[in-house]
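Here the structure comes first, spelled out in structure tokens, and everything after it is commentary.
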Amino acid sequence: MLVSTATRSLLRSNGAVLRQNVRLMSSVASSEIQAAAAGHNTTAKREIHSDPPQMKSAPPLQYASQPTYLPEDAADEKEEEAATSGMADRFKITAEVTVSKIFPAGFGWQSSSIFAEEYLGYSADSMAFALTTGLGDAIGVMAGHCVYYAAKKSITGDDSINMERETQTGLLLASAAFCSGTAWQPLVDVLQGANLPFMQVFAGTWIGCGTAFYLGLRGARTILSGPCKYIHEPTYENSKTDKSLSVAIGGATGFFVGTDTAYLPAQNFLFDVVGIHDATPQLMGCAIAGTSTGLGFVAAQTTLNAIYPAGKLWNDGK
């Protein structure tokens with residue numbers, strides 16, 4: 001009984017102590033929570049009311065408004081300038097070739113045809129006549145080329161004009177002109193003998209004589225590149241430029257068909273432009289012949305100048 005009473009007394013005493021401890025711990029925890037909350041609010045208040053962080057200032061606005069100039073822009077401008085300069089050079093060379101070689105070629109062909117018929121007695125359908133006109137064509141090219149560059153050097157004082165080189169170039173072109181000039185009359189006779197429309201004779205002559213010029217040019221390179229140091233031997237690269245030149249020469253020979261006013265005059269679109277009539281004086285007829293070849297060459301070459309990429313045409317100065 002005494003034990004029970006003591007035990008109950010001890011338990012009551014421990015319970016009281018335990019309750020005090022619980023209250024004490026609750027009080028401490030409450031204080032810590034309040035302190036933490038107060039600290040959080042203080043931090044929040046500092047964040048809200050403190051000055052914003054200092055940041056690096058952005059570049060002045062005027063830099064953004066200035067136009068940008070990239071290296072690519074400079075390259076594009078240079079390419080445009082080069083393209084413009086290249087096109088101008090193409091037409092300059094076209095004009096020089098027309099004056100120095102194409103007009104003299106037509107003039108020489110017509111002059112030699114008069115000489116062959118009236119002084120040598122060759123008929124127009126004979127091989128002797130064809131060879132004589134081919135020779136006249138070649139002489140016109142050779143003489144015109146050399147005289148032009150000799151005069152240009154004398155007038156301008158351009159020391160870069162090497163007459164030895166120009167003489168060899170004239171010989172190369174004259175050799176090819178001999179082939180196309182010789183082929184012209186027999187080819188036209190065959191096409192007209194087949195009673196083809198004028199445009200087919202025109203086109204056939206263009207293709208046939210252009211091909212003859214190309215073959216003559218390649219052959220002349222093969223033969224003359226040995227003894228002539230300024231004439232390049234045949235290569236794949238110069239075969240491409242030789243082809244483009246031959247196309248333009250073909251155009252000159254095609255327009256020359258227009259001088260014949262006796263064949264299908266109603267279909268001849270060049271009749272009133274370069275037609276040579278029976279009553280036309282011989283010297284004037286030679287000038288008209290040269291004009292016809294010049295017009296044909298310019299027409300064909302202008303088209304080539306417009307469509308060929310830079311550096312791919314015979315007159316790109318490579």
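For segment 288-318, the set of residues classified as open to solvent by less than 20 Å² (accessible area, probe 1.4 Å) and more than 19 Å from Phe255 (Cα to Cα) consists of Leu313, Asn315, listed by residue number.
When you scan segment 146-153, do you find a residue that is in contact with a Pro (Cβ under 9 Å, 6 or more places away or on another chain), of a type outside the set (Ser, Thr, Tyr), surrounded by fewer than 18 Cβ atoms within 10 Å (Cβ to Cβ) and part of a helix (DSSP H, G or I), even just one? Yes - at least one qualifying residue is present in segment 146-153.
Going by the conditions given, is Gly204 at pLDDT 95 or above, touching a Cys at 6+ places or on another chain (Cβ under 9 Å) and either closer than 20 Å to Phe91 by Cα or buried (at least 19 other Cβ atoms within 10 Å of the Cβ) (or both)?
Considered against the rule, which asks whether it is at pLDDT 95 or above, touching a Cys at 6+ places or on another chain (Cβ under 9 Å) and either closer than 20 Å to Phe91 by Cα or buried (at least 19 other Cβ atoms within 10 Å of the Cβ) (or both), Gly204 comes out as no.
Of everything listed in (1) closer than 25 Å to Phe202 by Cα; (2) open to solvent by 10 Å² or more (accessible area, probe 1.4 Å), the single unmet condition for Gly285 is (2).
Filtering Ala124, Ala95, Ala116 for residues that are in contact with a Phe, Trp or Tyr (Cβ under 9 Å, 6 or more places away or on another chain) and modelled with pLDDT of 95 or more leaves a single hit, Ala116.
Cβ-Cβ under 6 Å, sequence separation 6+ or interchain: first residue in segment 174-197 and of a type in the set (Val, Ile, Thr), partner assigned to a helix (DSSP H, G or I). Which pairs? If the second residue must be assigned to a helix (DSSP H, G or I), the pairs left are Thr182/Ala130; Thr182/Leu131; Thr182/Gly134; Val188/Thr205.
Yes or no, residue by residue, for (1) touching a Cys at 6+ places or on another chain (Cβ under 8 Å); (2) loosely packed, with under 14 Cβ neighbours inside 10 Å:
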| position | (1), (2) |
| --- | --- |
| Thr156 | no, yes |
| Leu172 | yes, no |
| Asn195 | no, yes |
| Gly210 | no, no |
| Arg218 | no, no |
| Lys229 | no, yes |
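Which of (1) part of a loop (DSSP other than H, G, I, E, B); (2) in contact (Cβ under 8 Å) with a residue 24 or more places away in the chain does Gln301 not meet, given it meets every other one? With (1) part of a loop (DSSP other than H, G, I, E, B); (2) in contact (Cβ under 8 Å) with a residue 24 or more places away in the chain applied to Gln301, the lone miss is (1). With respect to Asp189, is the statement that it is modelled with pLDDT of 95 or more and either within 19 Å of Val97 (Cα to Cα) or open to solvent by less than 50 Å² (accessible area, probe 1.4 Å) (or both) true? Criteria not met by Asp189. Based on what the data block shows, is Phe103 hydrophobic (A, V, I, L, M, F, W, C), more than 31 Å from the chain's Cα centre (by Cα) and closer than 22 Å to Gly285 by Cα? So Phe103 does not fit the description; no.
Thr235 passes every criterion in (1) within 27 Å of the chain's Cα centre (by Cα); (2) closer than 17 Å to Cys179 by Cβ; (3) open to solvent by less than 70 Å² (accessible area, probe 1.4 Å) apart from (2).
The set of residues from segment 99-126 being in a helix (DSSP H, G or I), touching a residue at least 40 places away in the same chain (Cβ under 8 Å) and open to solvent by 20 Å² or more (accessible area, probe 1.4 Å) comprises Val99, Phe103, Pro104, Phe107, Gln110, Ser111, Ile114. Test Thr280 against the criterion of being open to solvent by 10 Å² or more (accessible area, probe 1.4 Å), at pLDDT 95 or above and touching a Pro at 6+ places or on another chain (Cβ under 7 Å), and give yes or no. Criteria not met by Thr280.
The values are calculated or read from the model by the stated rules, or taken from the named source; none is laboratory data. Owing to the predicted nature of the structure, the values given are computational and were not obtained by experimental measurement. Please note: Cβ atoms are built from the backbone with ideal geometry, for glycine as well, and neighbour counts cover all protein chains shown. Accessible surface is based on the protein model in full, side chains and every heavy atom, while ligands, DNA and RNA are left aside. Shrake-Rupley method; radii C 1.70, N 1.55, O 1.52, S 1.80 Å.
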